[in-house]
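> My structure is below; once you've seen it, I'll send some questions.
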Amino acid sequence: METKRFLRAVLLLGWAALSVPALAAEKAATSSPKAEAKSDLERGRYVVAIAGCNDCHTPGFLVQGSKVPQKDWLTGGTLGWRGSWGTTYPANLRLYFQDITEDQWVQVAREIQRRPPMPYYSLNQMTEADVRAMYKYIRSLGPAGKPAPKFVPPGKVPPQPYVQFPDKLN
């Protein structure tokens, strides 16, 4: 009798040991797309923050930092960056990302080479997962703002405001 109880207990524990992981895997599989999407957005926000995208692409961020509301992030700006290359303006990423697909962005991120001060070399080195997370996050913000001013070639004086870089750095 004692042996039968023992065998029943072993069988019950064995069944539970095999069933619980299967149930947990089923629950994870049914909830993972939503959790994965949230994770991608959080990762994208993090990558945007640590890569310094807001420093140029969010008006006022260099001065106010994280006090700038997220609703105003990545809308480009009219502060020009002038140097021997001419004058560049930070693109409105929220409008730009509405016009390209995620796969196109991955390709752009791998190959882009821009004028200063855009740190394209950092973007080129990001993992594909981080680039995709950036895309999803920026797209999730939705379109906002206006397009950035056009590039001003060297030798032409841009309208104010702009930051003047020295011609030579020694």
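> Going through the range 90-121 one residue at a time, which ones are under 14 Å from Gly145 (Cα atoms) and either in contact with a Leu (Cβ under 7 Å, 6 or more places away or on another chain) or in a loop (DSSP other than H, G, I, E, B) (or both)?
Within the range 90-121, the subset under 14 Å from Gly145 (Cα atoms) is 90-98.
Hits for the range 90-121 are Pro90, Ala91, Asn92, Leu93, Arg94, Phe97, Gln98.
> Here is a further query. Would you mention how many residues in the range 90-138 are open to solvent by 30 Å² or more (accessible area, probe 1.4 Å) and of a type outside the set (Asp, Glu)?
Matching residues across the range 90-138 total 26.
> A further question follows. Among Gly145, Gly76, Gly80, which is the only one that is on the phi > 0 side of the Ramachandran plot and either crowded, with 19+ Cβ neighbours inside 10 Å or under 14 Å from the mean Cα position of the chain (by Cα) (or both)?
Working: Gly145 fails: either crowded, with 19+ Cβ neighbours inside 10 Å or under 14 Å from the mean Cα position of the chain (by Cα) (or both); Gly80 fails: on the phi > 0 side of the Ramachandran plot.
Of the residues listed, the single one that is on the phi > 0 side of the Ramachandran plot and either crowded, with 19+ Cβ neighbours inside 10 Å or under 14 Å from the mean Cα position of the chain (by Cα) (or both) is Gly76.
> Working only within the range 68-108, note down all residues that are in contact with a Phe, Trp or Tyr (Cβ under 9 Å, 6 or more places away or on another chain) and among the small types (Gly, Ala, Ser).
Gly76, Gly77, Gly80, Gly83, Ser84, Gly86
> Further question on the same structure: For the range 122-131, what are the residues that are hydroxyl-bearing (Ser, Thr, Tyr) and not in a helix (DSSP H, G or I)? Explain how you work it out, then say what you get.
First pass over the range 122-131, keeping only residues hydroxyl-bearing (Ser, Thr, Tyr): 122, 127.
Across the range 122-131, the qualifying residue is only Thr127.
> Also, quick follow-up: Could you list, in sequence order, all residues of the range 152-170 that are touching a strand residue (DSSP E or B) at 6+ places or on another chain (Cβ under 6 Å) and open to solvent by 30 Å² or more (accessible area, probe 1.4 Å)? Even if it seems obvious, please write down each step before you answer.
First, pick out the residues of the range 152-170 that are touching a strand residue (DSSP E or B) at 6+ places or on another chain (Cβ under 6 Å): 152-154, 158, 162-165.
Listed by number, the residues that qualify are Pro153, Pro154, Tyr162, Val163, Gln164, Phe165.
> Checking Phe61 against (1) open to solvent by 60 Å² or more (accessible area, probe 1.4 Å); (2) at pLDDT 95 or above, which test does it fail?
Of the numbered conditions (1) open to solvent by 60 Å² or more (accessible area, probe 1.4 Å); (2) at pLDDT 95 or above, the odd one out for Phe61 is (1).
The values are calculated or read from the model by the stated rules, or taken from the named source; none is laboratory data. Owing to the predicted nature of the structure, the values given are computational and were not obtained by experimental measurement. All Cβ positions, even for glycine, are placed from backbone atoms using ideal geometry, and neighbour counts span all protein chains on display. Side chains included, ligands, DNA and RNA excluded: accessible areas come from the protein's heavy atoms. Shrake-Rupley method; radii C 1.70, N 1.55, O 1.52, S 1.80 Å.
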